[in-house]
1. For the residues A:Cys218, A:Cys103, B:Cys336, what sequence is obtained by ranking on other C-beta atoms within 10 Å, fewest first?
2. Roughly how crowded by other chains is peptide B:390-400, in terms of the mean Cβ count from those chains within 10 Å of each of its Cβ atoms?
3. If I fit a long axis through the Cα atoms of helix A:82-117 and take the longest principal axis of the Cα atoms of chain A, what angle between them do I get, 0 to 90°, rounded to 10?
4. List the residues whose amide H sits under 5 Å from the amide H of B:Val46, counting only those 5 or more places along or on another chain, with H placed 1.01 Å from N in the peptide plane.
5. With just the Cα atoms of chain B, tell me how far they stretch along each of the three principal axes, in Å, largest first.
6. Let me know the Kirkwood hydrodynamic radius for chain A, please, with Cα pairs as the basis and the value in Å to one decimal.
7. Set the Förster distance to 45 Å, then compute FRET efficiency between B:Ala75 and A:Ala102 from the Cβ-Cβ distance, nearest 0.05.
8. So what are segment A:107-190's ellipsoid semi-axes, whole angstrom, largest first, if each one is the square root of 5 times an eigenvalue of the alpha-carbon gyration tensor?
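Readers should treat all values here as calculations from the given coordinates under stated rules, not as data from a laboratory. The structure presented is a predicted model; accordingly, all values stated were derived computationally and were not measured. Neighbour counts are summed over all protein chains in view; Cβ atoms, including those assigned to glycine, are modelled from backbone coordinates with ideal geometry.
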Amino acid sequence: MTLLSPAQADEGPRNPLLGLAAQALRHPSVLIGGFIVAAIVIMAAAAPWLGTVDPVRINPAMRLKPPSDPFWFGTDLFGRDIYSRVVYGARSSLMVGVSVAACAIVFGVAIGLVTGYFRGLDVVVMRVMDGLMAIPTFLLAIALVSLTRASVGTVVVALTIPEIPRVVRLVRSVVLTVREESYVEAAISVGTPTPLILLRHILPSTIAPLLVLGTYVCAQAILVEAALSFLGTGLPPEISSWGNMISEGRTFFQVMPRLVFLPSLFLALTVLGINLLGDGLRDTLDPRIAKRM
Amino acid sequence: MTAAPLANPPIVEIRDLAVPLPDGGDRHNAVDGVSFSVAEGEIVCVVGESGSGKSITAQAIMGLLPKIFAKPKGAILFEGEDLLKATPARMRSLRGSGIGMIFQEPMTALNPVHTVGAQIDEVLRSHLSLPAQERFSRVVKAMEEVGLPDPERMYYSFPHQLSGGQRQRVLIAAALILQPQLLIADEPTTALDVTTQKQILQQIRDLQRSRGMGVLFITHDIGVVAEIADRVVVMKSGKMVETGSVERILTAPEAEYTRMLIAAVPTLEAARPAEPVHGPLALSVKDIAKTYTIRSAFGGTREIAALKPTSLTLHRGETIGVIGESGSGKSTLARCITKLIEPSSGEATLTGDGGQKPFRRRMQIVFQDPYRSLNPRRTVGQSIIEGPMNFGTAKADAWEKARELMALVGLDPAALNRYPHQFSGGQRQRISIARALAMEPEILVADEAVSALDVSVQAQVLKLIDDVQKRFNLAILFITHDLRVAAQICDRLLVMHRGELVEQGSVRAVFSAPSHDYTRRLLDSIPGRRAAA
């Protein structure tokens, strides 16, 4: 008997996910968004070597100075270097955004996989999720800050809790579709234990939509963190954050617009970059995701 | 090729049609140099396997080619007018009034949020300006003509309230309400049950005769061709293989491919002897049943018996065919027996000698859809070794076993590290069989395992199942809706209807002397039966 080779023999073994990744890298939104995000990340990581000075050092003698040699963008109300504060501010924003996205995804995936697969749990857990979704981010943050004190951890917790249900819903909807696939039934019929079925056969299908949702959660978290800091319930004032800078600069907005303008510019650029990246990923990885969210 | 002289002038004449494929396809043209015509009052069947370009040809006539295709070359003359040169506005007015079209999937071709009457009415509204009262009466008349019961009430029904056959009738009514000269039917009965298919084919035949229109009928099923065609065009890989009258094509095909296509259609002759198989008892199913309870929001409950109590026994070396139409409970039976769903009552007992082995090692299942039964993100090797490794086989041993099994099912063992999308449908089904065999089961359940395959591939996979049965002395429960396939491979048949086992016996006995009324109807509906007999 002659043995048959695969119908498409010439391309060699190739994981379908890798093919999608290659396709995504050719999308203009992914390229532009990815470039902006990469630039901001490099700026945040290399902050000490970018000609910055200590962003929190107060120098009352140098208050509200125009741009000059050591202070490229001038100084603020307390004589701190605006340029250094903007560069270091990227660190806080990215840290909050990435932490919120990561925490929301870790908890959301765990809850979503289990509720989607076990029907009995579904009714109860999804009602709890509906409840969480109804908590306004700002009220929760204000409550947490007044109970404990302003810190990065408080902000991350306050932003993560309302995001978890969105991840749970997305993961659950993927699980509900994939669990009906014949290959999952096939895995059951060859005796694969349930946890392995969830990890091996169902989890990989959630990766593409989660990447996309992750970018939105991250961008949203950065914006909300800035808003919270602006209201004084976000990061403590001694941390350089774009929200804090905008908040402190608003009193002098008319005389020194750059106090507000520069951090706002970087904030907008970062969120734009992340959103572009997310849109491009959505277009290439999962055209149907819009229906799921 | 001898084209019979046409009695009537052609309605549509296709000359040297070529539809280029985008770069990177398996060939340059999806359709390549196809020429044929459809005359008034005749049904021309375009027959071919998947990928033959038959649907693309139909879409080119309608001017509905997907955007990835470049502009077709050649000419499509509709009553002397070249459709390839027609403006989009002209094509819009022709669709419906000059050419009607019906599709394979009647559920997706209808809009779920509009009543069926409004959807038929839409054809009238977009082509003519008539008062509402007159449109209503014309729609009702059209629905009457296609045999829909109580059309005035059904006008206000939504698609989900209708059966598959009724939906297809609605589509036919919409396609024909403006009395087009040509009807294009793209596999209109493929998604329907065989008894419904028979009625729809009869309906199309009757309407075509009474109106004298031309019909271009696209199908993969030689049986349907025998049932309905006047002339036949055989296509393969975008090229026309042969054309001629239906009698000549079916009785004296010239092309090798046509002969293969006809020979691959299983006959209704029972392939196995009628004597019972005397292997050791492998499976005994006693009064297994499945009932679904639906709770309404107001606390009321409704019970739906998907499977009424059913008993059967299966011996080593024996194949039992479970036949029935959609909703007959045959897949529920397979899933209850394989413990993929929990039966409401009754039980399936494995009675073979492998008493120490766990259940999942003793019974395996092969699924219908080869495109969904393998995880697209795992190599076929990973899929095959998953089962044995679950039960403690070392990876190296499982891999070695997988190599043997790949060769056994006729695939190159070097392809184990490929992903499923690199294989054809038939090859994937071979892989699914290898995955099942890797568990060294005593019983194999095949749930419509060859239904999604082209006939030529179907014949090969059936032979493979037959071979592995002999080699491993397997007991096989073969679920199918296709009586021809069942005749090829089964020793005994169980006929299911609405969740109930209505008849059982040897293939010969059931086919020659069906005792239940439903079995008779089922046998009578097999397309092309008269031509084959």
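1. By the 10 Å Cβ count, ascending, the order reads A:Cys103, B:Cys336, A:Cys218.
2. That works out to 1 on average.
3. Around 20 degrees separate the two axes.
4. Sorted by chain and number, the residues that satisfy this are B:Phe217, B:Ile218, B:Thr219, B:Val233.
5. Over chain B, Cα extents along the principal axes are 75, 57, 44 Å.
6. 21.5
7. Between B:Ala75 and A:Ala102 the formula returns 0.15.
8. Calculated on Cα positions only, the semi-axes equal 34, 12, 9 Å.
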